Amino acid sequence: MADQASNRSRQDQGLGFLLQYENVAWFEEGRVRILDRRVYPAKISFVECRTPGEVASAIRDMVTQSAGPYTAAGMGMALAAWQARGKTPELQKEELEAAALLLSAARPTTKSRMDKITGGALAAAQKALDQGIPDVSPLLFQLAIASLERRYERMSRVGQHLVSLFPQDAVVMTHCFGETIVGTMIRAAQEKGIRLKLYHPETRPYFQGARLTASVSAEMGADATVITDGMAAEVMSRRRVDLFTTAADAITRDGYVVNKVGTLQIAIAARYYEIPYYVTGIPDDMPVSDIVIEERDPALVLEAGGIKNTRPGVKGYYPAFDITPPGLIAGVVTDKGILSPCHLADYRISNEEADYYSG
């Protein structure tokens, strides 16, 4: 199915290796192939999933993260349809519904957005089956590609709005891996002739900032510097930083930002040093009270790179995300402009945009 998506100009042109569609998640020949971001860039390895359950496991086990799971979920629905082809329409619908439940629940903090991806695929599949189409997997594959195209195009507009805030020589701090916005921000800065220096906190325990964000930045020609997670305030105190920015796993309608743990402490430091924090993404239609913070295996914080750093009996604690209140956020940068976190009701999501996901 690769030819169906490659014979035209795509929104991922000119972006880093990690951001190419085939390297995010890709359905072809009865499997979903996902780049293993846990080992990149030291190793370029792909996990092959042959069932929707294996796709859900890959999402849960952090084979892919940031916006990658949403693409994987869409491709997982195409895989479910491929496995069900040839069965009665009723049985196909049952198997697709079961796959949607599995994929949407893979990570609890992002379930509401996952529901939009799998729900959209399920609705399209059910309509096609009612029309007598025996194999809806090509349709769901193309739906996943179309969703990617829309997201990349929208994030290009977000990147342009974000870069409008930069001086000609810009020093920017990030956190974790903001997926598409990293590439579109750098591309937009280059188009405007802005010289960009980036500080990337490493983002333990998976080191997404060091391995993923810094890789994309360096590959696209930006000046990238990795710092440890504990250095953000020191850098802000003694070196120039014009702006702190992140993507978000959720931006609640009441102005709170849910993002990789560590975002809150950098936002606090940024406020102290009068450095504005701009979050990029699309506001969600949910209050902060609906957010469930995922807690991952505490053993992961007791090691680094697979090497255990503590004695037996030492405990760990690993919340995957934290919540930054609107008072620490200078603005929410969307595809439609820059909004105050206290006025996110001004943003309206149309039906065709409902499959958006962050980064």
Among the residues of the range 119-137, is any closer than 29 Å to Val261 by Cα and among the polar types (S, T, N, Q)? no
Selection from the range 114-145 of residues that are of a type in the set (Asp, Glu) and either buried (at least 20 other Cβ atoms within 10 Å of the Cβ) or under 19 Å from the mean Cα position of the chain (by Cα) (or both): Asp115
Does Val292 satisfy the condition of being outside any helix (DSSP H, G or I) and under 17 Å from Phe177 (Cβ atoms)? no
When (1) out of contact with any helix residue (DSSP H, G or I) (no Cβ under 8 Å at 6 or more places or on another chain); (2) more than 21 Å from Ile34 (Cα to Cα) are applied to Leu91, the one that fails is (1)
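Here's the yes/no breakdown for (1) outside the structural domain of Ser215 (by TED's automatic domain parsing); (2) at pLDDT 95 or above; (3) in a helix (DSSP H, G or I); (4) over 26 Å from Ile291 (Cβ atoms):
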| position | (1), (2), (3), (4) |
| --- | --- |
| Ile44 | yes, yes, no, yes |
| Val55 | yes, yes, yes, no |
| Tyr70 | yes, no, yes, no |
| Met75 | yes, yes, yes, yes |
| Ala98 | yes, yes, yes, yes |
| Arg113 | yes, no, yes, no |
| Gly119 | yes, yes, yes, no |
| Leu140 | yes, yes, yes, yes |
Every listed condition ((1) over 28 Å from Gln13 (Cα atoms); (2) touching a helix residue (DSSP H, G or I) at 6+ places or on another chain (Cβ under 8 Å)) holds for Ile145 save (1)
By residue number, the members of the range 148-181 that are of a type in the set (A, V, I, L, M, F, W, C) and assigned to a loop (DSSP other than H, G, I, E, B) are Leu165, Phe166, Cys176, Phe177
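One line per residue, one yes/no per condition, for (1) more than 17 Å from the chain's Cα centre (by Cα); (2) modelled with pLDDT under 95; (3) of a type in the set (Ser, Thr, Tyr):
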residue: Glu274; (1), (2), (3): yes, no, no
residue: Asp290; (1), (2), (3): yes, yes, no
residue: Gly305; (1), (2), (3): yes, yes, no
residue: Tyr318; (1), (2), (3): yes, no, yes
residue: Asp355; (1), (2), (3): no, yes, no
Among the residues of the range 247-292, write down those that are in contact with a Lys or Arg (Cβ under 7 Å, 6 or more places away or on another chain) and either surrounded by fewer than 18 Cβ atoms within 10 Å (Cβ to Cβ) or at positive phi (or both). Asp285, Met286, Pro287
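The values are calculated or read from the model by the stated rules, or taken from the named source; none is laboratory data. Because the structure is a prediction, the values reported are computed rather than measured. Positions of Cβ are backbone-derived with ideal geometry, glycine not excepted, and every protein chain shown enters the neighbour counts.
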